[in-house]
Amino acid sequence: MKLLIANWKMAPETPAQAKLLAKATAAIARTHKKNVAFVACVPFVHLTTVAATARTLVLGAQDVSAGLNIASTGQVSAGMLKSLNAAYCIIGHSESRARGDTNELVKAKLERLLEKKIQIILCVGEKSRDVQGWYLSEIKDQIETALLEVPKAALKRLIIAYEPLWAIGSAATRVATPAECREMIIFIRKLLTDLSDEKTARAVPILYGGSVDEENAASFITEGEAGGLLVGRVSLAIKQLAVLAKSINF
Ligand code: PGA
């Protein structure tokens, strides 16, 4: 089974548009459900609408508050997400890190999600690559800070999404190659093994994200050995998303 996580980012603008997108996404998810498990990570304000419109669609959020205190104006707690049926939540997305999320803050967010038994989609990725391989220590820091104190049993609630910053969004310079994805997945799996054990580490899905489209999706799974994909812009383009989902239905 491959995971296909749709990250709607800050779209769409209206509930009516969210309904249309949810219905179309749910239809694609149903068509490919034998081999592809869909999760739609939608903006907070659309969680209720999407849950009511597309009851079969598995829902996720795109962030959560690290705090426990209600004096957190503008934030959304893990308990709120749980009550709105968000089964998954993205943390550490590069766009959130760019707004100030440090590794320590991501760790606190992870703890809040664990408390509420929400599946964690932990995004990691390097800003740029260097020939010496120093970028690997950036990934190591992101993973170790988040997970060092997490009990082994809790790792069953974890999904890691490898998203190199240089490959994400409309400012992407290029897409990662499946070989680059595969190398990083091996590296991340080794880090997880060191933090737990081989069996636990093997059970953690490691996804690829960053300019995934209907042309390159399958190669990240077959050659890149990703357990699934985190898809941003293409998740808002239904025709493309349908072709993408079909391409990984094997
Ligand atoms: P993209 O975004 O697919 O639009 O590059 C990926 C993401 O933000 O998770």
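Below are the figures for this structure:
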quantity: Filtered residues of region 77-91 (kept if free of Cβ contacts under 8 Å to residues at least 60 places away in the same chain, within 16 Å of the ligand (Cβ to nearest atom) and in contact with a Gly (Cβ under 9 Å, 6 or more places away or on another chain)); calculated: Cys89
quantity: Unmet requirement for Ser72, which otherwise passes all of (1) over 20 Å from the mean Cα position of the chain (by Cα); (2) in contact (Cβ under 8 Å) with a residue 40 or more places away in the chain; (3) more than 23 Å from Ala237 (Cα to Cα); calculated: (2)
quantity: Index of the failed condition, Asp194 passing every other in (1) in contact (Cβ under 8 Å) with a residue 12 or more places away in the chain; (2) farther than 30 Å from Val50 by Cβ; (3) among the charged types (D, E, K, R); calculated: (1)
quantity: Residue in region 55-76 that is among the polar types (S, T, N, Q) and within 16 Å of the ligand (Cβ to nearest atom) present; calculated: yes
quantity: Matching entry among Ala171, Ala153 (being over 20 Å from Ala226 (Cβ atoms), within 13 Å of the ligand (Cβ to nearest atom) and without any contact (Cβ under 8 Å) to a residue 40 or more places away in the chain); calculated: Ala171
quantity: Residues satisfying the stated conditions in region 153-170, i.e. part of a helix (DSSP H, G or I) and closer than 17 Å to Glu95 by Cβ; calculated: Leu165, Trp166, Ala167
quantity: Which listed residue, of Glu163, Glu225, is within 14 Å of the ligand (Cβ to nearest atom) and of a type in the set (D, E, K, R); calculated: Glu163
quantity: The listed residue being surrounded by 15 or more Cβ atoms within 10 Å (Cβ to Cβ), modelled with pLDDT of 95 or more and among the β-branched types (Val, Ile, Thr), out of Val45, Val58; calculated: Val58
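Results for (1) hydrophobic (A, V, I, L, M, F, W, C); (2) within 15 Å of the ligand (Cβ to nearest atom); (3) surrounded by 19 or more Cβ atoms within 10 Å (Cβ to Cβ); (4) within 25 Å of Leu147 (Cα to Cα), shown as yes or no for each residue.
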position: Met184; (1), (2), (3), (4): yes, no, yes, yes
position: Lys190; (1), (2), (3), (4): no, no, no, yes
position: Asp194; (1), (2), (3), (4): no, no, no, yes
position: Glu198; (1), (2), (3), (4): no, no, no, yes
position: Ala201; (1), (2), (3), (4): yes, no, yes, yes
position: Ala237; (1), (2), (3), (4): yes, yes, no, no
position: Leu241; (1), (2), (3), (4): yes, yes, yes, no
position: Ile248; (1), (2), (3), (4): yes, yes, yes, no
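The values are calculated or read from the model by the stated rules, or taken from the named source; none is laboratory data. From a predicted model like this one, the values you see are computed outputs, not experimental measurements. Virtual Cβ from ideal backbone geometry, glycine too; neighbours counted across all protein chains shown.
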